[in-house]
Amino acid sequence: MCFAPELNVINLIRSFTPGAKVNILAHDSQTNYLYENILLLTLGMNSPTSRLFVALPVTSQLLSSINRLKLLNENLEGVRWTPPDNLHLTLFFLGEVNPINVSEIINLMNEVPQQEFHINFHSFSLEGGRPYHPSMIWAKFNKHPQFTQLSLKLRKSFEPFISEPMKFSEPIPHITVARIKKVQDFMLNVQMNEPFIVNGMELWQSVRTSTGVTYPVLAKKY
């Protein structure tokens, strides 16, 4: 089924036939990417909301350090390592959002001013859960004023759509590399020599499936 880009998202949804192949006729690849993702997101939902966040994927250099950590701890039980395609640095978490608002959220994200900056690696650490019962392994980065400012800018822009309270007034840059069931003798003394380069942003959706969580990318800004 083909759609012309002049149609707004509401009309696209109304004119869609379930089961039809989506093919949007846009003037450029970026517009095509945007419309297809919004349409598929909206029509593919089993629930009335979408769990969204702004993030950046990890680089191959950072992934190499995480793989070294996995090798050092490969014999431990109850550790669920994050699949490489799911590894990300969260810039801002929106929470549950009505899919019909996704196009406006993407527009707002594209309007947020941003300059490239680097954040340096701090350490791998056990985090989350109850006191003395951590539930995650983080790759933690040093706090950075530009990271905090960017998070606050995104919060201000998305304010009408935010469903989750901000957990930290000064967010901690991190990558969740694994989820754990119990504290063990983890070997966490692995270094990342490459800084994380924050040079754009992407809108990700959290989708829970029978085989785990996936993170479709709905829009990119670089």
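The values are calculated or read from the model by the stated rules, or taken from the named source; none is laboratory data. Source: prediction; values computed, not measured. So basically every Cβ, Gly included, is an ideal-geometry build from the backbone, and we count neighbours across all protein chains shown.
When residues of the range 101-144 are filtered for being within 30 Å of Arg68 (Cβ to Cβ) and not small (Gly, Ala, Ser), how many remain? Looking only at that region, the number is 23.
Of the strands (runs of 3 or more DSSP E) lying entirely inside the range 121-203, the ones with 3 or more residues being under 15 Å from the mean Cα position of the chain (by Cα) are found at 174-180.
Table: residues versus (1) in a helix (DSSP H, G or I); (2) modelled with pLDDT of 90 or more; (3) under 26 Å from Pro173 (Cβ atoms).
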residue: Leu40; (1), (2), (3): yes, no, no
residue: Ser47; (1), (2), (3): no, no, no
residue: Val54; (1), (2), (3): no, yes, yes
residue: Gln115; (1), (2), (3): no, yes, yes
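Residue selection: Glu116 satisfies the criterion of being assigned by TED's automatic domain parsing to the domain that holds Glu170 and touching a strand residue (DSSP E or B) at 6+ places or on another chain (Cβ under 9 Å). Within the range 73-113, restricting attention to residues that are farther than 30 Å from Val190 by Cα and charged (D, E, K, R), the residue that is modelled with the lowest pLDDT is Glu96.
Of the residues Ser64, Ser103, the single one that is free of Cβ contacts under 8 Å to residues at least 24 places away in the same chain and part of a helix (DSSP H, G or I) is Ser64.
So that you can scan it fast, the table gives a plain yes or no per residue for (1) in the same structural domain as Val79 (by TED's automatic domain parsing); (2) crowded, with 18+ Cβ neighbours inside 10 Å; (3) at negative phi:
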| position | (1), (2), (3) |
| --- | --- |
| Gly128 | yes, no, no |
| Pro131 | yes, no, yes |
| Ser135 | yes, no, yes |
| Lys143 | yes, no, yes |
| Ser151 | yes, yes, yes |
| Lys156 | yes, no, yes |
| Met192 | yes, yes, yes |
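Phe121 meets the stated requirement of being in the same structural domain as Gly212 (by TED's automatic domain parsing) and under 30 Å from Gln184 (Cβ atoms). Could you tell me whether any residue of the range 163-170 is surrounded by 14 or more Cβ atoms within 10 Å (Cβ to Cβ) and out of contact with any strand residue (DSSP E or B) (no Cβ under 6 Å at 6 or more places or on another chain)? For the range 163-170, residues surrounded by 14 or more Cβ atoms within 10 Å (Cβ to Cβ) and out of contact with any strand residue (DSSP E or B) (no Cβ under 6 Å at 6 or more places or on another chain): absent.
Against the criterion of being crowded, with 20+ Cβ neighbours inside 10 Å and touching a residue at least 60 places away in the same chain (Cβ under 8 Å), Ile180 qualifies.
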